[in-house]
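Read the structure below first, then the notes.
The values are calculated or read from the model by the stated rules, or taken from the named source; none is laboratory data. Since this is a predicted model, take the numbers as computed values, not measurements. So basically every Cβ, Gly included, is an ideal-geometry build from the backbone, and we count neighbours across all protein chains shown. Accessible surface is based on the protein model in full, side chains and every heavy atom, while ligands, DNA and RNA are left aside. Shrake-Rupley method; radii C 1.70, N 1.55, O 1.52, S 1.80 Å.
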Amino acid sequence: MKHAILVALIACVSGCSSMKVSSEKSGDFDFSAVKTYEWVRAPAEILNEDDTVLNEDLHKLLNNQLAGRGWEQVMISDKADVQVVYYIKLSEHEEYTSAARDDESRVNGGFTYDNEKGAWGYKDQAPDLNVYTVETGTLTLLIYDAEANAKVWQGTLQTKLDRGAPLEKQRLMLAEVANKITAKIP
């Protein structure tokens, strides 16, 4: 039963997802030859910005995805084929939706939804503009050729965040993020 619920949740998160993923390969680097990788930190000027964060859970999930590709993590730069960097930028913006028209909001004879009370009732409601603050996270994943010290791939994934969501739903979202961005690696 738990397995069925988990599959349903993953399907729901995947189906309802508004993740935007893009990637760009630089040059003709042969990713099929990669056997080892090393994590390196993003430059201090990026990490010191107020809107930049690192997430240990996401780091572990990315690590698992790279290992799933057959890549082995090493701690010594001389033994790494590639170096991997990630960071997350957070931002907020407002989204607007207009109120329903009279013919949309009235179900029957003045029956309307009262936003303030969060309930249906008989009350005329003046049209207004609904404003929502939305938090967005943009994950950047960079891969460098360790020998040439040159960027060979960059991926970004942008998605809306819901820190108020249950912890399990947030974990599922992080797993989907790690899966979607690493799937773009050649």
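Some notes on this structure:
- Only protein heavy atoms count here; under a 1.4 Å probe, K20 has an accessible surface of about 140 Å².
- In region 48-97, the convex hull through the Cα atoms has an average projected area of 5.9 nm², a quarter of its surface area.
- Peptides 41-54, 167-180, ordered by how many other C-beta atoms sit within 10 Å of their residues on average, highest first, read 167-180, 41-54.
- Split the accessible area of region 27-77 by element, probe 1.4 Å, and carbon with sulfur accounts for 48%.
- Taking all protein chains as shown and a probe of 1.4 angstrom, S23 keeps an accessible surface of around 60 Å².
- The candidates L139, L61, arranged from most to least accessible area with a 1.4 Å probe in the full protein assembly, appear as L61, L139.
- Heavy-atom accessible area ranking, 1.4 Å probe, most first, across W153, W39, W120: W120, W39, W153
- Straight-line reach from K25: taking Cα to Cα under 19 Å and skipping same-chain neighbours fewer than 8 places apart, the lysines in range are K35, K151, K180, K184.
- Rounded to the nearest whole angstrom, the semi-axes of the ellipsoid equivalent to region 125-186, taken from the Cα gyration tensor as √(5λ), stand at 35, 15, 9, largest first.
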